[in-house]
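Asks: I'd like to ask some things about the structure below.
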Amino acid sequence: MLMNSNMQRKLYIIMAGGALVGFIASFLQMLEVLQLIKNQGATLYCNINSVFSCSTVLTEWQSSVFGFPNSILCMVMFLTFLIAALAGMFSKGLNKGFRLTIQGLSMFTLCFGIWYLWQSTFVIGALCIFCSACMLGLLFVCAAWLRLNVDDLPLKANSKKSLKNGISKQYDILGWILFAIIGALAITLHFI
């Protein structure tokens, strides 16, 4: 699925937008984490009610699963995605290995984000608005990488052909939208 440079540029712009949303959200979350480190009883701006309660989420072990706040990991990842998107926008093309590596990182981050959102919803019982914004930005990043890398994905010929056919019919966009709707619906039904 050869795409022209104008389409590639649009995908890099979408990716940069998603990465910027995720970076800003994770930066703001890190500021809230610092408030909690200074004062465990601090009232955070992102504590809206019992469902949207950052302090409830950020004080649980799932919020520092690697031994440091998840928001640091998110800031690094989203900054990496933003730099890659800007490099793609302003260069004649990115190396295949680099693109696939960054897509792999975005998929790892998506899997981690799904796990974290699941834990937040069904184990902790509260949501962090910044985490939700990170997930939204991440969906745009992952969607753009899929379209950019479809020709280079290490898939069997039949699978690649089916994927390319689906993308040409915009089914990938439908898939990402359905993914977001199903996730939002599951979360909403849990808190009703």
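Asks: Would you kindly enumerate the cysteines in the chain that have no other Cys beta-carbon under 4.7 Å from their beta-carbon?
Replies: Singleton cysteines: C74, C111, C134, C142.
Asks: Checking the cross-link filter: which aspartates and glutamates have an alpha carbon closer than 19 Å to that of K96, excluding same-chain neighbours under 8 positions apart?
Replies: D151, D152
Asks: Quickly estimate the mean residue ellipticity at 222 nm for the chain, helices only: each DSSP H run with n ≥ 4 gives -39500 (n - 2.57), and the total goes over all residues, rounded to 500.
Replies: Rounded to the nearest 500, the figure is -24500 deg cm²/dmol.
Asks: If you don't mind, there's one more thing I want to ask. How tilted is helix 70-89 with respect to the longest principal axis of the chain? Cα atoms for both, answer in degrees (0 to 90, nearest 10).
Replies: With rounding to tens, the tilt is 30 degrees.
Asks: Another question, if that's okay. Across region 47-63, in residue order, what do the Karplus-derived ³J(HN,Hα) couplings come to in whole Hz, using 6.51 cos²θ - 1.76 cosθ + 1.60 with θ = phi - 60° and x for Gly and Pro?
Replies: 7, 8, 7, 5, 7, 8, 10, 4, 5, 5, 6, 6, 8, 8, 4, 5, 7
Asks: To test your reading of the geometry: what angle, between 0 and 90 degrees and rounded to tens, separates the Cα axis of helix 96-118 from the longest principal axis of the chain?
Replies: Between helix and principal axis, roughly 30 degrees.
Asks: Sort W115, W176, W145 by Cβ crowding within 10 Å, fewest neighbours at the top.
Replies: Fewest-to-most Cβ neighbours within 10 Å comes out as W115, W176, W145.
Asks: For C111, C128, C54, what's the fewest-to-most ordering of other Cβ within 10 Å of each Cβ?
Replies: By the 10 Å Cβ count, ascending, the order reads C111, C54, C128.
Asks: Tabulate in residue order the Karplus-calculated ³J(HN,Hα) for region 149-158, using 6.51 cos²θ - 1.76 cosθ + 1.60 with θ = phi - 60°, rounded to whole Hz; enter x for Gly and Pro.
Replies: Values per residue, Gly and Pro as x: 9, 4, 6, 9, 5, x, 10, 5, 3, 5 Hz.
Asks: Taking every Cα atom in the chain, find the radius of gyration and the maximum pairwise distance Dmax, and write them in Å.
Replies: Calculated on Cα positions, Rg and Dmax stand at 17.9, 56 Å.
Asks: Find how many whole Å separate the alpha carbon centroid of region 54-74 from the alpha carbon centroid of region 145-189.
Replies: Here the two parts' Cα centres lie 29 Å apart.
Asks: Long-range amide H contacts for T59: which residues qualify at under 5 Å (H placed 1.01 Å from N, peptide plane, sequence gap of 5 or more or a different chain)?
Replies: none
Asks: If you line up the long axis of helix 171-191 against the longest principal axis of the chain, both from Cα atoms, how many degrees apart are they, to the nearest 10?
Replies: For helix 171-191, the angle is close to 10 degrees.
Asks: Taking amide hydrogens as modeled 1.01 Å from N in the peptide plane, which residues meet the under 5 Å criterion relative to V65, leaving out close sequence neighbours?
Replies: Under 5 Å from the amide H of V65: N70.
Asks: Using Cβ counts within 10 Å as a stand-in for footprinting exposure, how do I187, I177 rank, fewest first?
Replies: I177, I187
Asks: For L127, enumerate residues with amide H under 5 Å from its amide H, sequence gap 5+ or separate chain, H modeled in the peptide plane.
Replies: Distant-sequence amide H within range of L127: F52, S53.
Taken together, the values in this text are just the output of simple stated rules run on the coordinates, not laboratory data. Note that the structure is a prediction, hence the values are computed from the model and not measured. A quick note on method: Cβ atoms are made from the backbone with ideal geometry, for glycine too, and the neighbour counts reach across all protein chains shown.
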